[in-house]
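Notes follow once the structure below has been shown.
The values are calculated or read from the model by the stated rules, or taken from the named source; none is laboratory data. Every value quoted in this text rests on a predicted model; they were computed, and no experiment measured them. Using ideal geometry, Cβ is built from the backbone for each residue, glycine included, and neighbour counts are taken over all protein chains shown.
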Amino acid sequence: MQEGATEPQTEFVIERLVSMGFTVHRSTGVRHTLLGGVGPQDDFDPLALEALDGVKECHRIVSPYKLASRSFKPGGTIVKIGEVEIGGSRVVSMAGPCSVESESQMEACASIVAGTGAQVIRGGAFKPRSSPYSFQGMGEEGLQIMRRAADRHGLLVVSEVMDQMQIPLLLQYADILQVGARNMQNFNLLRELGKARKPVLLKRGIAATIEELLLSAEYIMSGGNYEVILCERGIRTFETSTRNTMDIAAIPVLKRLSHLPVVADPSHGTGKREYVLPMARAAVAAGADGLLVEVHPDPDHAASDGAQTLRPEQFTQLMQQANAIAAAIGRTV
C-alpha cells in the first residue's frame, strides 16, 4: 500500500482479495502496509489491483514460499522479545547445556551465560535421542528448573518442543519454542505452532535443502505466527571428520531469499568442541543474527552431547571473539 494509505482503503483491498479467493496476510511496517495474498493459481491481472485506491504496487511472488519470501517484507523481520531483538543490529547469543540435568547445573549455566553478556539460555527438557536408551530429559521439572534459573539471571528461555501436545506446556515456561532438526518436516507440529503467539526457532533438517527449510517456515507463518527464526545447524554429508557439515553459505543465502532472522548452531554443526569457536566466528562474519551454542560447567560429565559442548572459559573466549568480529562488520554482540 502507498505511504499514508487510509485504513478504509486497505480494508477495501483486503475484501477485494478475499472475494478473489485469496487468504490475506497483513504486515504493517513503519511507512507501508504490505498485503500478502495466498491462494488461487488461476491467472489474474496485477495491474487491476494496482488501480485500486491506496495501492502502490502489486507483484507476483513466484517462489513456493510466499510469506517467508524476502518479497513479502523487503526490510527484514526483527523478532522482539522484551528488550531483546533478533534480526536487528545486535548478534544475539543463546547458550546453555544440551539438556537440563539438575537445579545446580542450570544455576551454574545461567551464571556463565549471563556473565558473558548473552541474552538467552538454552536447554532441553524433552530430548529427541537416536537411541531409546539415552537420556530423554526431565520434562516439566526441567522446564521449571530452567525458568527459575533464567529469571534469577535476567535471561530468556529457548527450549525444544517435540510434539504438538507439548506446546501448551512449553508456552508456560519458554520464551522461544525450538523445533529440532528431526521435526523440521513434522507438519502437524508446524501447523499447531502457527497458532501459537510466541517466537519459533526452526532448525534446518539433517538433510534438508534451503527451500525445504523455508517451506517449513511457511507452514508456521500460514497459521498466523510470523515470528519465526531460522537456524542453520549443519547437514549430513559423506564427510566423517565432523558430526555434520556446517553450511556457512546457507546464512547469506537465507538472508537473500527470506526476511526472517537467521541464527547459527556451530555446536550441532560440527559435533566437536574444538571446531565450535572457528565456526561461530565464521557465522558472525557471514551475517548470522545470532548464535546457539552449548556450554556446560563440566561437559565431560554432561548427560548428552558432551563432546560438542564448550567449557566455561571457551564460551567466554567465543563471546569476546564474536564481539570483535561483529564490531568489524558494524554490529554488536
* Extreme residue, nearest to Arg147 (Cα to Cα), among residues of segment 165-177 that are assigned to a helix (DSSP H, G or I) and under 18 Å from the mean Cα position of the chain (by Cα) -> Tyr173
* To do: Please indicate, with yes or no, whether at least one residue in segment 199-211 is within 20 Å of Arg233 (Cβ to Cβ) and part of a helix (DSSP H, G or I).
  => yes
* Asked: Which ones in segment 61-73 are assigned to a loop (DSSP other than H, G, I, E, B) and either without any contact (Cβ under 8 Å) to a residue 12 or more places away in the chain or surrounded by 15 or more Cβ atoms within 10 Å (Cβ to Cβ) (or both)?
  -> Ile61, Val62, Ser63, Tyr65, Lys66, Leu67, Ala68, Arg70, Ser71, Phe72, Lys73
* To do: Take the residues in segment 302-331 that are of a type outside the set (A, V, I, L, M) and farther than 20 Å from Ser111 by Cβ, then tell me which one is surrounded by the most Cβ atoms within 10 Å (Cβ to Cβ).
  => Gln308
* Out of Arg90, Arg122, Arg148, sole residue that is in contact with a strand residue (DSSP E or B) (Cβ under 8 Å, 6 or more places away or on another chain) and more than 21 Å from Lys203 (Cβ to Cβ) -> Arg90
* Consider Lys195 against the criteria (1) within 17 Å of Val263 (Cβ to Cβ); (2) assigned to a loop (DSSP other than H, G, I, E, B); (3) in contact with a Gly (Cβ under 6 Å, 6 or more places away or on another chain); (4) not aromatic (Phe, Trp, Tyr): it satisfies all of them except one. Which criterion is unmet? -> (1)
* Considering Gly76, Gly4, which residue is at positive phi and exposed (fewer than 13 other Cβ atoms within 10 Å of the Cβ)? -> Gly4
* Pairs, please: C-beta under 9 Å, at least 6 apart or cross-chain, first residue farther than 15 Å from Thr309 by Cβ and outside the structural domain of Leu155 (by TED's automatic domain parsing) and in segment 97-119, second of a type outside the set (Val, Ile, Thr) and part of a loop (DSSP other than H, G, I, E, B)? -> none
* Test: residue in segment 102-112 that is assigned to a loop (DSSP other than H, G, I, E, B) and either at pLDDT below 90 or crowded, with 24+ Cβ neighbours inside 10 Å (or both) -> no
* **Out of Ser267, Ser304, sole residue that is under 25 Å from Ala125 (Cβ atoms) and assigned to a helix (DSSP H, G or I)** => Ser267
* Structure fact -> Glu85: passes all of (1) assigned to a strand (DSSP E or B); (2) outside the structural domain of Asp300 (by TED's automatic domain parsing) but (2)
* Neighbours by Cβ (under 8 Å, 6+ apart or cross-chain): first from segment 151-165, over 14 Å from Glu140 (Cβ atoms); second part of a loop (DSSP other than H, G, I, E, B) -> Leu155/Ala118; Leu155/Gln119; Leu156/Gly82; Leu156/Gln119; Leu156/Asp175; Val158/Ala174; Val158/Asp175
* What tally of residues in segment 1-27 results from selecting those that are farther than 23 Å from Tyr219 by Cβ, without any contact (Cβ under 8 Å) to a residue 12 or more places away in the chain and not small (Gly, Ala, Ser)? -> 4
* To do: Within segment 283-301, work out how many residues are in a helix (DSSP H, G or I) and surrounded by fewer than 19 Cβ atoms within 10 Å (Cβ to Cβ).
  => 3
* Can you find even one residue in segment 143-160 that is within 15 Å of the chain's Cα centre (by Cα) and in a loop (DSSP other than H, G, I, E, B)? -> no
* Structure fact -> Filtering segment 161-180 down to residues that are buried (at least 22 other Cβ atoms within 10 Å of the Cβ), among the polar types (S, T, N, Q) and out of contact with any Asp or Glu (no Cβ under 8 Å at 6 or more places or on another chain) yields none
* Using beta carbons and a limit of 7 Å, which pairs, at least six apart or on different chains, have the first residue in segment 240-254 and within 13 Å of Gly287 (Cα to Cα) and the second one part of a helix (DSSP H, G or I)? -> Ile248/Ala282; Ile248/Ala283; Ala250/Ile210; Ile251/Ala283; Val253/Ile210; Leu254/Ile210
* Asked: Scanning for something among the aromatic types (Phe, Trp, Tyr) and either in contact with a Cys (Cβ under 8 Å, 6 or more places away or on another chain) or at pLDDT 95 or above (or both), does segment 133-155 turn up at least one residue?
  -> no
